Amino acid sequence: MKSCTAIRHVAFEDLDLLDPVLRQRGFSVTLIDAPLGGLDGLDPLADDLLVVLGGPIGVTDDADFPFLSTEIELVRRRLDADRPTLGLCLGAQIMARALGARVYPNPNGKEIGWSSLTLTDAAEASPLYGLGRHPVLHWHGDTFDLPHGAVRLASTPKTANQAFSVGQCGLGLQFHVEASIRGLERWYVGHVGEISATPDVSVVGLRAQAHSEGAAMQTVGPAMFSAWLDQVCA
């Protein structure tokens, strides 16, 4: 049986739509809560797949959250070994930082809600090809420079680096393909402070977007993930 470890930063941002894809493919799945010391003693190379999930903190918040330094180093070692690694939102930022790139507040402001990606030619020939045809969920205030040696796969008008690949087995996605419409109800509660503090963003609006613009991503996201697994975990 193949093994997957998913690093979680808040309980409600979990594997969600991706979990059944993994289990159907015979993966055992272990969720590790990084803030609770779950990274201590973790072998970065042991698992067939590592997924680094999202969260409301930033990679530069390591003074408040010292586990981030451990996590960045763990991800660096895994990427150096070119082991299958997927980073989602904060996870992608951790990957970028691990690769030596700068991570910083997006000068164009926060990007919260559903909107389309512009895919590069490299993405059109990759498992991401279907994502250019449907809106995806954005929920981030930080961005990053493209890491040295990485290949840009997607962008939006606000965020140049929305997705990148590194080596044969690393994929960082600034956006979310894992969140289900039902699961997002937990996000609205968990992120209510950020939502209320962000102009032109509301729970009612995000919920309506999820049911209309986000409906297709409930199948497209898992399909992309499945195709990527075919490529890196065959």
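Points worth noting:
- Of all residues in region 122-129, at least one satisfies being among the charged types (D, E, K, R), over 17 Å from the mean Cα position of the chain (by Cα) and within 15 Å of LEU153 (Cα to Cα).
- Selection within region 182-220 - out of contact with any strand residue (DSSP E or B) (no Cβ under 8 Å at 6 or more places or on another chain) and of a type in the set (Gly, Ala, Ser): GLY183, GLY190, GLY193, SER196, ALA197, SER202, ALA208, SER212, ALA215, ALA216
- The set of residues in region 166-193 that are surrounded by fewer than 22 Cβ atoms within 10 Å (Cβ to Cβ) and among the small types (Gly, Ala, Ser) comprises GLY167, SER180, GLY183, GLY190, GLY193.
- Scan region 147-165 for residues that are surrounded by fewer than 18 Cβ atoms within 10 Å (Cβ to Cβ) and in a loop (DSSP other than H, G, I, E, B) and the total you get is 5.
- ASP64 vs. criteria free of Cβ contacts under 8 Å to residues at least 24 places away in the same chain and either surrounded by 16 or more Cβ atoms within 10 Å (Cβ to Cβ) or assigned to a loop (DSSP other than H, G, I, E, B) (or both): yes
- Condition met for ARG152 (of a type outside the set (Val, Ile, Thr), farther than 18 Å from ALA96 by Cα and without any contact (Cβ under 8 Å) to a residue 40 or more places away in the chain): no
- Hey, ARG186 charged (D, E, K, R), in contact (Cβ under 8 Å) with a residue 12 or more places away in the chain and farther than 17 Å from GLU13 by Cα or not: no
- Number of the condition not met by ASP47 [criteria: (1) under 16 Å from VAL75 (Cα atoms); (2) touching a strand residue (DSSP E or B) at 6+ places or on another chain (Cβ under 8 Å); (3) surrounded by fewer than 21 Cβ atoms within 10 Å (Cβ to Cβ)]: (3)
- Residue match in region 67-88 (condition: surrounded by 15 or more Cβ atoms within 10 Å (Cβ to Cβ) and within 18 Å of HIS191 (Cβ to Cβ)): yes
- Flag: ASP40 matches the condition of being more than 20 Å from TRP228 (Cα to Cα), assigned to a loop (DSSP other than H, G, I, E, B) and modelled with pLDDT under 95.
- Any chance ASP19 is under 23 Å from ALA210 (Cα atoms), surrounded by fewer than 21 Cβ atoms within 10 Å (Cβ to Cβ), at pLDDT 95 or above and of a type in the set (Asp, Glu): yes
The values are calculated or read from the model by the stated rules, or taken from the named source; none is laboratory data. What you are looking at is a predicted structure, and each value in this text was computed from that prediction instead of being measured. Counting neighbours? That spans all protein chains shown, and the Cβs are built from the backbone with ideal geometry, glycine included.
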